[in-house]
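Have a look at the structure below before the remarks.
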Amino acid sequence: MMGFMVSEETRTTTSTPIRSSAEGTEPRSQPTRVWMTRLVTVGIVLAALNLRPAITSFGALLEDVRDGLGMSGSVAGLLTSVPPLCFAVFGVMAPRLARRFGPGAVVCAGMVAITAGLAIRPYTGSAVGFLAASALALMGIAVSNVLMPVIVKRWFPDRVGSMTGLYSMALALGTSAAAAVTVPVTDALGGGWQSGLAVWAGLAAAAVLPWIALVRARGADSRDGEPVRAAHPASREPGALRVTRSRTAWALAVFFGLQATAAYITMGWMAQIFRDAGVSAGTAGLLLAVTMVMGVPLAFVIPRLATRMPHQGPIVVALGVCGLAGYAGLYLAPAGGAWAWALLLGVSNCAFPLALTMVGMRARTGAGVAQLSAFAQSTGYLISIPGPLLVGVLYQHSGGWGLPIALMAALMIPQIAVGVLAGRDRTVEDEAAPGRRT
């Protein structure tokens, strides 16, 4: 879906006129439209701030949560695999829910689910309960993550780039802030990890308020008077592209999955790697925050650079080399060069905006972009599920980080290879048009 937005950035967009009352939607006065637009902007920013703290706050306190709930390394690894699983499973449901209830109402419900999950999970008293409450929060994140670009496109059709940039920046800030301040906040609240995790429910609760107002005003769901027509990976109209026949689509899906694997391993385990190397908990959280915050400036730079190049392979290789260097540093001197390794891995993790940009560049039409985006993201998130779990299993059974880091570095090699293939100057329409044999 984000790929669709990136693609639309490169095309001329026109505002969708507000329908008259004769067409089923009452016209709004100019002051009302201005007020609603500002409220939508606030809602987008607050929602984006809440799309990652459930993950990175847990990563910062992983050791404390494991000790408090008696988790094994395998169970902890399972928890780090839950986010991509939820994004793959519940994200697919988002378009259908939006068609029935409207995207604003679904995002509002998503913020409520995040609030409830974050408030409940620290106090469940068991690993199973913690996992279930985390899944509730991640379900809210999944549907909101899919539908936020739909709302951006609907309300700001002539400012997709700037609003997507604002949305991406808020998402990165929420990610890094949770990693950086969770441990200090926990210490300030008395040192109990339960309070340090539960505090993020307050930020999620704040995000519910503007969406309640938007749904009550029916603004977020009926501004243009048309139902949401988001792509569903399982649906295909007659004459639609057979995306699964495209080698480029498969390369992009695998690239998306491998970069997501690296990102979730980093969010779930990097702080623990530093802590096991002798770095304090607070510093380990800051190091994770540095890695996450690199996505703020690079999310603007990399897509613009990529769209000016006919082949995005060189960017893929550059990001991959940064990742390999970071993993080598973690293996050889995790504490000695911790800040350098955090910066390198932060640059490497910016394969995410590159993947979204390539989704938009590998199809000529809006419908093609939507199909490719749905296929690449849903398939990619499924591919990313085993990685964090396998890292936890290797860590538990080997008693150290040598094998897990070797796995991370090994996965970077195929990521570079398929990224280069996905970056070739071709489109899925050329490879997967109806009736075409590949």
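Annotations for the structure displayed:
- With all protein chains kept in place, the per residue accessible area of region 111-154 amounts to 28 square angstrom at a probe of 1.4 angstrom.
- Sorting the segments 167-174, 58-65 by their residues' average number of neighbouring beta-carbon atoms within 10 angstrom, most packed first, yields 58-65, 167-174.
- Across region 68-132, Cα pairs under 8 Å and at least six residues apart give a relative contact order of 38 percent.
- Per residue, the solvent-accessible area of region 245-313 (1.4 Å probe, heavy atoms of protein chains only, all protein chains present) comes to 34 Å².
- Each Cα pair under 8 Å and six or more residues apart adds its sequence gap; the mean of these over the residue count of region 286-438 is a relative contact order of 33 percent.
- Gyration tensor (alpha-carbon) shape descriptor, region 308-438, a/c threshold 1.5: prolate
- Between region 290-355 and region 87-102, the Cα center-to-center distance that results, in Å: 31 Å
The values are calculated or read from the model by the stated rules, or taken from the named source; none is laboratory data. Computed from a predicted structure; not experimentally measured. Positions of Cβ are generated from backbone atoms using ideal geometry, with glycine treated the same way; all protein chains shown enter the neighbour counts. These accessible areas exclude ligands, DNA and RNA; they are computed on the full protein's heavy atoms, side chains included. Shrake-Rupley method; radii C 1.70, N 1.55, O 1.52, S 1.80 Å.
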